[in-house]
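Chemist: Following this message is one structure expressed as structure tokens.
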Amino acid sequence: MRRRIYWLLPDLASAIRTENDLLLARIAWQHIHFVGREDADMTGLHAANVLQTSDVVRSAQAGLVIGAAAGAVLGVVGALLFPFGEKPSYAGMAAVLAIVGAAFGAWASSMIGVSTPSQRLKRFEPAIEQGQILLMADVPRSRVEEIEERLQALHPEAHLEGVEPNIPAFP
């Protein structure tokens, strides 16, 4: 289980030094993500991808649930209105339409969510717009305090912005 630590860094040089210190602390490169302004120079940093910076995951989850429920309801209604053969197959039609509805709901919602900024990162938008760089480090739960202390000691210019207790299973 991992926890996501948020840090705000003043500039690119500080971000590169912090990334190197995290790598020396044996935090894998895949678990270190940076977010900066659209026009910010992020050369040398592992920039966060669309899964970390948008609400695509949350939107897809909501679409999956809503689509499955809508599909199941339509399946039952369809089986009642259009019975197949002598015996209506409520469960079969409801299950098939629930699966189709879930897939369609997840797809449609993820298309909307990819263009929506992440609610988790909304509180950092003013600092990012001022030119600071957000560091998101996913560290093992047992090492959170160690990493926080290390970064505070090595990077007094950085600001600890908290720990996210529930990071997504992926990204």
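Chemist: When you look at residue 126, is it in contact with a helix residue (DSSP H, G or I) (Cβ under 9 Å, 6 or more places away or on another chain), within 30 Å of residue 160 (Cα to Cα) and not basic (Lys, Arg), yes or no?
Modeler: The answer is no for residue 126.
Chemist: Let me ask another. Just checking, how many residues over the range 110-126 are touching a residue at least 60 places away in the same chain (Cβ under 8 Å) and surrounded by 17 or more Cβ atoms within 10 Å (Cβ to Cβ)?
Modeler: Residues in the range 110-126 being touching a residue at least 60 places away in the same chain (Cβ under 8 Å) and surrounded by 17 or more Cβ atoms within 10 Å (Cβ to Cβ): 3 in total.
Each value in this text was obtained by applying a stated rule to the coordinates, not by laboratory testing. Source: prediction; values computed, not measured. Cβ atoms come from the backbone with ideal geometry, glycine included; neighbour counts cover every protein chain shown.
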